[in-house]
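Here's the structure we're looking at; comments come further down.
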Amino acid sequence: MKVLELLNLHPKVSKREKHLLLAHILQVTPSDLYLMEDYEVPFNEVERYISMLSRLEEGYPLQYLLGEWEFYGRTFKVEEGVLIPRPETELLVEKILTTVNKDRPLKGFEIGVGTGCISVTLLLEIPSLVMYADDVNPKALQLAYQNACMHQVQDRLYLMEGSLFEPVRGMRFHLVVSNPPYIPEGMWDSLPTTVKWEGKTSLIGGPKGYEFYEKIASEIHHFLEEDGMFFLEIGHDQGSVVRDIFEEKGFRVEVFKDLAGQDRVVVGWM
Ligand SMILES: C[S@@+](CC[C@H](N)C(=O)[O-])C[C@H]1O[C@@H](n2cnc3c(N)ncnc32)[C@H](O)[C@@H]1O
């Protein structure tokens, strides 16, 4: 079959997804495909493409089929059960990069490293930084290690299996960052099928959704240097509740909105 014929299959799947998938299989860029419309695709590739298209139609995420996704202009490996890096999370990284003093040695900690997209990006952008990062999901830790190796920052990233602050008891950091699970449990059933492949551990924060912020607020003072700061991604409607949680514990916080005008990042300090 020809490229154009393949791109016209499965009308329910978006053109963009089909372009990304076929380009990935043929190892060309999506825009190359416009010049290859009459190219006769070898049988094996046709078979692979058609079976992946069926999976897409069933709601399997494109990113997992590709095995990689972009974050902050770089490629990260992704795998089923580990959160796919989101564009909103780039704002969290941006806030850190524009806030911290990058010219001095810095020690950071990330709760819930996932693919490692946040920690690895920070390490690439801040050469004086060393990051510690944990996750309760061993698959995420393996993936984060692979991504750290791919971007050659594995010597400055210490990955630990464990919950919240448990693996770093007794340590203090200049920055603590987290994009914790923040969706309320009751919303699981109504989430799109594609999102569910990322797993409850990645997404569900607890009955209220904002339980992780409560847990972080109750402990974080033990783990921050005197001038330390924390940077948290939040759900679009969690700005005021998360502000209250931290202010009640005596922290100063600022809430920032994303490009869509939704609450997205909380920056705080003691
Ligand atoms: C929303 S994902 C964020 C992943 C990644 N940091 C990102 O921004 O793409 C939340 C991550 O927290 C992890 N997690 C869930 N509960 C945790 C806990 N109690 N302690 C540490 N990590 C946890 C999940 O496994 C998941 O990788």
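No lab work stands behind these numbers, since they all come straight from the coordinates. Bear in mind the structure is a predicted one, so any value in this text is a computation, not a measurement. In this analysis, Cβ positions are derived from the backbone assuming ideal geometry, glycine residues included, and neighbour counts consider all displayed protein chains.
Summarise the long-distance tail of P(r) for the range 66-112 by giving the % of C-alpha pairs beyond 16 Å. Intermediate results must be reported in sequence, preceding the final value.
Details: 575 of 1081 pairs.
Counting pairs separated by more than 16 Å, the tail of P(r) holds 53 percent.
Take the Cα pairs of the range 3-58, get the Kirkwood Rh, then feed it into Stokes-Einstein at 25 °C and 0.890 mPa s and tell me D in µm²/s.
Values: Rh = 11.1 Å.
Diffusion coefficient, whole number: 221 µm²/s.
Determine, for 21, 26, 97, the number of other Cβ atoms within 10 Å of each Cβ, and report the residues in order from fewest to most.
Details: 21 23, 26 18, 97 14.
Arranged by neighbour count, lowest to highest, 21, 26, 97 become 97, 26, 21.
With a cut-off of at most 12 other beta carbons within 10 Å, and DSSP calling the residue loop, which GluC sites (Glu not before Pro) in the range 86-127 qualify? Please list them.
Values: sites: 88, 90, 94, 110, 125; in loops: none.
Hits after loop and neighbour filter: nothing returned.
Using just the helices of the chain, give the 222 nm mean residue ellipticity in deg cm²/dmol: DSSP H runs with n ≥ 4 each add -39,500 (n - 2.57), and the total is spread over all residues, rounded to 500.
Counting only the DSSP helices, I get -10000 deg cm²/dmol.
With respect to the cross-link table entries 215/249; 18/196; 139/196; 95/257; 139/208, which display a Cα-Cα separation exceeding 19 Å?
Values: 215/249 11 Å; 18/196 21 Å; 139/196 16 Å; 95/257 11 Å; 139/208 26 Å.
As for pairs spanning more than 19 Å Cα to Cα, those are 18/196; 139/208.
Return the Rg/Rh value of the range 170-270, two decimal places, where both radii are evaluated on C-alpha atoms and Rh is the Kirkwood radius.
Values: Rg = 14.1 Å, Rh = 14.2 Å.
Expressed as Rg/Rh, it is 1.00.
Hey, what angle do you get for helix 88-99 against the long axis of the chain, alpha-carbon based, 0 to 90 degrees rounded to 10?
40 degrees
Please list the equivalent ellipsoid semi-axes of the range 33-92, computed as the square roots of five times the alpha-carbon gyration tensor eigenvalues, in descending order and whole angstrom. Could you put the intermediate results ahead of the total?
Details: eigenvalues 149, 51, 18 Å².
Largest first, the range 33-92 gives 27, 16, 9 Å.
Under 11 Å from the Cβ of residue 196, count the other residues' Cβ atoms, weight Lys and Arg +1, Asp and Glu -1, and hand me the total. It would help to have the intermediate numbers written out before the result.
Numbers: positive: 200; negative: 80, 189, 198.
So the surrounding residues net to -2.
Which angle from 0 to 90°, rounded to the nearest 10, does the C-alpha axis of helix 239-248 make with the longest principal axis of the chain?
20 degrees
What whole number of Å gives the distance from the Cα centroid of the range 15-35 to the Cα centroid of the range 60-88?
When both Cα centres are located, 17 Å separates them.
Cα centroids of the range 196-210 and the range 93-131: how far apart, whole angstrom?
Cα centres, the range 196-210 to the range 93-131: 24 Å.
Taking the Cα centre of the chain as origin and charging only Cβ (+1 Lys, Arg; -1 Asp, Glu), how large is the dipole, in debye to the nearest 20? Don't skip to the end; give the middle numbers.
On the way: 27 positive and 42 negative charges, 43 e Å.
Rounded to the nearest 20 debye, it is 200 debye.
Would you mind computing, in nm to one decimal, how far apart the modelled labels at residue 226 and residue 34 are, each placed 7 Å from Cα along Cα→Cβ?
For the pair residue 226/residue 34, the computed spacing is 5.9 nm.
Over every pair of different alpha-carbon atoms in the chain, take the mean of 1/r and invert it; report that Kirkwood radius in Å. Spell out each step's value before the answer.
Numbers: mean 1/r = 0.0502 Å⁻¹.
19.9 Å is the Kirkwood radius here.
Considering all projection directions equally, how large on average is the shadow of the alpha-carbon convex hull of the range 128-225, in square nanometres?
The directionally averaged projection comes out at 7.2 nm².
Helix 15-26: angle to the longest alpha-carbon principal axis of the chain, degrees 0 to 90, nearest 10?
The two axes meet at around 80 degrees.
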